Every structure is written in C-alpha cells, then in structure tokens.
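Below you'll find the structure, written out as structure tokens, and then a few comments.
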Amino acid sequence: MTGIGTSPLAVAAPIDAPDITKCGNVETQGQVLPVDCCPPTSLKIIDFKPPPITKLRVRPAAHKVGKEYIAKYNEALKRMRELPDTDPRSFSQQADIHCAYCNSAYDQTGYPGVELQVHNSWLFFPFHRWYLYFYERILGSLIGDPTFAIPFWNWDHPGGIAMPAMFTSDKNSALYDVNRSIAHQPPFLLDLDYSKSKDAGKIPQFKDQVDENNTIMYRQMVSGAKTQSLFFGGDFRAGEQPENSPGSIEATPHTPIHIWSGNEKNKFGENMGNFYSAGRDPMFYAHHGNVDRMWSIWKSLPGKKRTDITDPDWLNSAFLFYDQNKNLVRVTVADSLDTKRLGYVYEQVDLPWLKSKPKSGTTSKAKKVGMSVGVSAATAAESVKGLTPLTNFPIALTKVTTVLVPRPKKGRSKAEKEEEEEILVIEGINYDRNSAVKFDVYVNDEDEGGPDKSEFAGSFVTVPHNTKNKERTNTKLKLGISELLEDVGADDDESVLVTLVPKDGNVKVGGIKIVFES
C-alpha cells in the first residue's frame, strides 16, 4: 500500500527537525499572557534510541484513578513547576514546546521564511505522541519512578464527559489552572461538537449528550476515517506551505475540546483555547493522551487501510525535544509508531461509540427536489432556493450556503466502496486565525439537523493561532461520505446538495468537489 499523497513524479522530502538556534518570536496578536517560546539552545544533538523496557507504563483513564495516583502526579508536576524556567525540563519550557512548534517560531530547515507547523497535516499525531512521551519521562524522573504514566482524559466515554476532577477539585494543586473555562467546570457536560455559539442554547440532558458524543466518535473514528488521509490528515513535505488538511480526530473532537476548555474571559481563549498557551494547562496533556490513544485504537479497527502511512516523507520527518537528562534528542515519525516500543500502553476501557451510527433522516432535500437518477443537475438546481453555483467560488461564508456538487461516480458496488472511499473536499479555506472558527457540513439535508443525524458530514474547526503567511493557505477539509450516502439513500444520485453552516469566526471557501481515494 502506498502512503497518502504519494506520486511517482513527486519531488519532495521529509520535514526536518528545526534549527532551534534560529528560533524566532512567535506570531501572536493581542495575547493575554507573556510570550517567549524558544527553548534553550544546544549544539549537541543525539538521535533517539528506544530505552530498554522492563515494564510497560500503563496510562490510566483520568476518571478512574485513586487518591494515591493523584497525589503522585501532583507531586511530580509540583517538582516540574519548581524547576527554574531556564531548565528545559521545567513546566514553562514544556508548555512552550507547543507554542514554538505551533505559532511560527520555527522556519522549516533549509527553507527560510516557510513556516513549520504541526497541525492540520499528517504531522499532528506523531508530534504530539513525542511531546507527551518526553513530558511523561521527565515527570517520572523527577519523582524517581520510571513506571509513572500520565493519565488520559477519557472524553469518548460517559465517565469522561466532564473535566477530570483531578484538575478541578483543588485550587492549590499543581494540576489546577486558573486560565481554564469557568462556565464549563464540573458537572457541566462536555460537548464533542462544541462551538461558542452553543453556550447560549439549551443544556442537554446527560443521556442526550452521551448519545450525541457517541455518534460523533463513530463518525470520526469509523465511517469518516476509512483511509489514511482521512484519519491522519493531508501530507506536508519540506518546502510546502503548512496546513494541508486536518485528520478526522484532529478536526473533531480534538479542536472543539480545546475551545470548550479555554477561559472564555480571555479574548483569545487562553490557556487551552489558543495554541501558544495550550500547554500551560496540565489538562492539555490528558486531553492529548486520549488523542494519542485514538491512533492506537484506529489501527485496531476492521479495515485493511487502517495502517500507518508508509511514505518515507512522513516516516523520516523529525522533531527535537529535551529528555529527562536535559539531552537534546532528535526523533523521527518512524520511531513513534508503536507505543510498546516507547514503553507505554493505555488502560483498556470499553468503546461505547463503536456501534453508534447516526440516526437516518426522513426525506432528504435532494429527493424532494427530484435529484434521483434521470433528473439533470440543472433541473434540480432550479428547484432549490438560495443555491450557490460552483462557479461563484471563492465565497465568504457569512450565511448558510447550499451548493449542488456533481459526483464523478454513482451506484457503486460494495467491493468498489471498500476499494475507494468517496470524499467530499472543501478546498481553499482561508480563515481568521486569531479567533475560533467553525462551520458545519451537511449532505442532502433538509433542516441542518445536528451532529447525530446521518446527513451531518463533519466540521471545519480551528484553535486560534497566528501564522507568518496569513493569506497563503492550502487548507482544506476532507470528509468521507460513502457510508453517509448509503444512509441518506443517495447512492444513485448524480449530484448531492452540500450545505455549509457557519458557526464561529470568519471563513472564505475556494471550492467544493468530490473525489475518490483508495
């Protein structure tokens, strides 16, 4: 199997580790907190070698741990916070790692002026896995316990539907963060499809929120993540502008949880709600623990394409981190693929979302306007009020917008669907990076329903961050829709109606199309 984006004619290279001696000021605008995210410099770099493993560290579900574990974690983090800020193991330096890699502090090595960014591409999962790995090893070393493992916020389970109590119950704890959402403190329920506009709405009941969250997880892990690029995100190679496309889990629920967790009193959502400050909240590492866990789970689900990417440009991409001995270590994506090789696994918890298919709609808008076989797209288009022709792009997404999109193939067999996933691509996305942005995507929907409906295809969501190239973007959103089209009875339709529903922020869209990906 080839890796995503592989082309025999492509001339590309992996993203190399940054030159930290050339770390510059991060790009921010009106930030609330002080910003100086560059690490200590070192001229000596060692290559990562997997340590000998005598006993696997087991990362526990945060909602299931006891007082003894919480006390140990609190003590480890207390000692990390007490280290001087100049120490690369200190909590402030650990927090700044995310800031530097995510807010333009680094150019790509060999490409001055071209930003290194680890979000919205296939670098997302491996970068954050390495980030947590070194954070965990440093904490363990500070308390002399090499078996210590950080917790994961089990937000895909009913038990994890609120902020974990260890981070909220004691304001004097090292695990507490004052720059965290006040409105969403426990027992407030976590909404995996959160947008700021939802805060003014009705608070759902526990069962309703659990059901909706389970449906979202099914879409993001099962029906909407059947290929490598859908799950990992788009390829990102040396010399290219960043932000190709986010993977399914990165888009949702990863990003909505960031926004939900940030302090709403801060204009730019600090801490969790902004890239430059996200690592300053200890809850960030538990959140990303569960994100990392999703990578392992995804590979265990049925489907021959649920494997790691084999493209050498991904495998050989590299990062730099300081380890528990203050060594500057070069790591590659290839060395991050197996958590057991890194010495850790996750506590086994049941997956209630595995069979939580979205609810089928009634009569789709497409059927109502006669978009069945034998009716032309032009005839159907005339029947839909407010339809935006494809030729009108690019558009500013200031209102609900419906577009008629032709399908290159229709009426495919089960074998053909297993071989190629039908993918809806929203391309040329340009957005305001200083604010949280979200728009939802529906296919053949009558009333835009909600994320638990089968017509809901997914969302484009971002965490506020700045970039050096504000107007130069190749960002797109890719949504797997083969199963969706079956559920809404549109397998034989020549075209589908795609509705974009703006929720937060300012967005421009360059076009919409359907492609097939093996």
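Things to note:
- Selection from region 431-451 of residues that are of a type outside the set (S, T, N, Q), touching a residue at least 60 places away in the same chain (Cβ under 8 Å) and open to solvent by less than 20 Å² (accessible area, probe 1.4 Å): Y431, A436, V437, K438, F439, D440, V441, D445, G450, P451
- Any hit, region 63-77, residues being assigned to a loop (DSSP other than H, G, I, E, B) and modelled with pLDDT of 95 or more: yes
- Top-ranked residue of region 272-282 - restricted to ones that are crowded, with 23+ Cβ neighbours inside 10 Å and assigned to a helix (DSSP H, G or I), ranked as farthest from the chain's Cα centre (by Cα): G279
- Hey, W314 under 29 Å from M163 (Cα atoms) and of a type outside the set (G, A, S) or not: no
- When G144 is tested against (1) without any contact (Cβ under 8 Å) to a residue 60 or more places away in the chain; (2) touching a His at 6+ places or on another chain (Cβ under 6 Å), exactly one condition is not met: (2).
- Per this entry, R81 is counted among residues that are surrounded by fewer than 16 Cβ atoms within 10 Å (Cβ to Cβ), out of contact with any Pro (no Cβ under 6 Å at 6 or more places or on another chain), touching a residue at least 60 places away in the same chain (Cβ under 8 Å) and not in a strand (DSSP E or B).
- Scanning region 144-160 for residues that are touching a Phe, Trp or Tyr at 6+ places or on another chain (Cβ under 7 Å) and over 17 Å from L77 (Cβ atoms) yields D156, G160.
- Subset of region 240-267 (residues that are under 22 Å from L116 (Cα atoms) and of a type outside the set (D, E)): Q241, P242, N244, S245, P246, G247, S248, I249, A251, H254, T255, H258
- R237 being at pLDDT 95 or above, over 13 Å from W122 (Cβ atoms), in contact with a Pro (Cβ under 8 Å, 6 or more places away or on another chain) and basic (K, R): no
- Residue selected from region 157-195 under the condition assigned to a helix (DSSP H, G or I) and more than 26 Å from A251 (Cβ to Cβ), by the criterion least open to solvent (accessible area, probe 1.4 Å): M166
- Test: residue in region 141-151 that is on the phi > 0 side of the Ramachandran plot and out of contact with any helix residue (DSSP H, G or I) (no Cβ under 8 Å at 6 or more places or on another chain): yes
- Qualifying residue in region 247-255 (condition: modelled with pLDDT of 95 or more and not in a helix (DSSP H, G or I)): yes
- All conditions but one from (1) of a type outside the set (S, T, Y); (2) in contact with a Gly (Cβ under 7 Å, 6 or more places away or on another chain); (3) assigned to a loop (DSSP other than H, G, I, E, B) apply to A95; the one that does not is (3).
- Residue pairs meeting the criteria (Cβ under 6 Å; at least 6 apart or on separate chains; first more than 12 Å from V405 (Cβ to Cβ) and open to solvent by 20 Å² or more (accessible area, probe 1.4 Å), in region 493-518; second at pLDDT 95 or above and among the polar types (S, T, N, Q)): E517/T227
- Search result, residues across region 159-186 that are over 21 Å from the mean Cα position of the chain (by Cα) and among the polar types (S, T, N, Q): T168, S169, N172, S173, N179, Q185
- Sub-7 Å Cβ pairs linking a first residue in region 283-300 that is open to solvent by 10 Å² or more (accessible area, probe 1.4 Å) to a second residue that is modelled with pLDDT under 95 and not in a helix (DSSP H, G or I), at least 6 apart or interchain, number zero.
- Hey, S104 farther than 27 Å from L337 by Cβ, hydroxyl-bearing (S, T, Y) and open to solvent by 10 Å² or more (accessible area, probe 1.4 Å) or not: no
- Residues in region 29-51 that are modelled with pLDDT under 75 and touching a Ser or Thr at 6+ places or on another chain (Cβ under 9 Å): Q31, V32, L33.
- R137 vs. criteria under 22 Å from K49 (Cβ atoms) and out of contact with any Gly (no Cβ under 8 Å at 6 or more places or on another chain): yes
- V222 being outside any loop (DSSP other than H, G, I, E, B) and at pLDDT 95 or above: yes
- Considering residues of region 130-156 that are touching a Leu at 6+ places or on another chain (Cβ under 8 Å) and either assigned to a loop (DSSP other than H, G, I, E, B) or among the basic types (K, R) (or both) only, the residue surrounded by the fewest Cβ atoms within 10 Å (Cβ to Cβ): F148
- Condition met for D235 (part of a helix (DSSP H, G or I), open to solvent by 30 Å² or more (accessible area, probe 1.4 Å) and on the phi < 0 side of the Ramachandran plot): no
The values are calculated or read from the model by the stated rules, or taken from the named source; none is laboratory data. Because the structure is a prediction, the values reported are computed rather than measured. Reconstructed Cβ throughout: ideal geometry from the backbone, glycine too, with neighbour counts over all protein chains shown. Only protein heavy atoms, including side chains, enter the accessible area calculation; ligands, DNA and RNA are left aside. Shrake-Rupley method; radii C 1.70, N 1.55, O 1.52, S 1.80 Å.
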